Amino acid sequence: MWLAYLIQKRIGKGVVKVNIVQFGAQPKSLGGKISELLKEDRHEVLDFDLKNGFDAMIETCVEDVFDSFSPNIEVIVNYVGMMHNERIEDMCIDNFRQVFETNCLSLVTLLKHSSKYFNSRGIKGRFIHIASNASISGFTGMGAYCASKFGDIGLIQVAAKEWMKFGGIVNAISPGP
């Protein structure tokens, strides 16, 4: 699967085994499939998702998860996201808010605590955000989703510059349908 290949490429060349934490990778989703492929390649993968009680928008929940990690996590992959398909003229503001908060707020929370985790342990960690081709181009009926994904890319660019101080790497991958 090409996305698993891209994630492995972002992890680094010559890496035999990496401890990876995935957020929002539901078992039957793209993230779940990638988790299986990474495990087949002998990487240790931990998955956190709403299905198992994890909510990336609740900062105390994110803090608790990061506090539970041993000091050997090297890669964080973020899949957390949602969408509502509505044309702007029909858009429900509450739906827009929910999409934007889910996609952007969860990313900020995960970036914040990933950075603290890596920085406090002297780890040159990697954060890979699975964005969307909606982060590059707007699509009819997807205003909230596209706006949030464009925002995600801005956050990723800022984080990439901020993480350079401790040798961390932040990337986004923007797959399409």
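The values are calculated or read from the model by the stated rules, or taken from the named source; none is laboratory data. Since the structure is predicted, the reported quantities are computational estimates derived from the model, not experimental observations. With ideal geometry, Cβ positions are generated from the backbone for all residues, glycine too; neighbour counts draw on all protein chains shown. Quick note on the areas: whole protein, heavy atoms, side chains included, nothing else; ligands and nucleic acids left out. Shrake-Rupley method; radii C 1.70, N 1.55, O 1.52, S 1.80 Å.
Highest average first, the peptides 157-165, 90-98, 130-138 ordered by how many other beta carbon atoms sit within 10 Å of their residues are 130-138, 157-165, 90-98. Annotation: amide H-H contacts under 5 Å for S132 (H modelled 1.01 Å from N, sequence separation of 5 or more, or interchain): none. Report, in order of residue number, the helices in the chain meeting two criteria: a C-alpha extent of 20 Å or more along the helix axis, and a mean Kyte-Doolittle hydropathy of at least -0.5; treat each whole DSSP H run as one helix. Helix filter hits for the chain: 106-121, 143-163.
Calculated FRET efficiency, R87 to D55, Cβ-Cβ distance, R0 = 25 Å: about 0.30 to the nearest 0.05. Among 72-79, 117-124, the peptide with the highest mean count of other Cβ atoms within 10 Å heads the list, and the full ranking is 72-79, 117-124.
With R₀ fixed at 35 Å, the C-beta to C-beta distance from S70 to R97 puts the FRET efficiency at about 0.45.
Surface composition of region 29-143: carbon and sulfur atoms hold 52% of the protein heavy-atom accessible area at a 1.4 Å probe. The residues of region 109-152 have, on average, 37 Å² of accessible surface per residue, using a 1.4 Å probe with all protein chains present. Dividing the summed helix terms, -39500 (n - 2.57) for each DSSP H run of n ≥ 4, by the number of residues in the chain produces a 222 nm estimate of -13500 deg cm²/dmol to the nearest 500. Here the calculated FRET efficiency for Q157 and L37, from their Cβ-Cβ distance with R0 = 22 Å, stands at 0.20, rounded to the nearest 0.05.
What is the diffusion coefficient of the chain in µm²/s, taking the Kirkwood radius over Cα pairs and the Stokes-Einstein relation at 25 °C with a viscosity of 0.890 mPa s?
149 µm²/s
Note on E63 and L105: their simple-model spin labels are 1.7 nm apart, each label 7 Å out from Cα toward Cβ.
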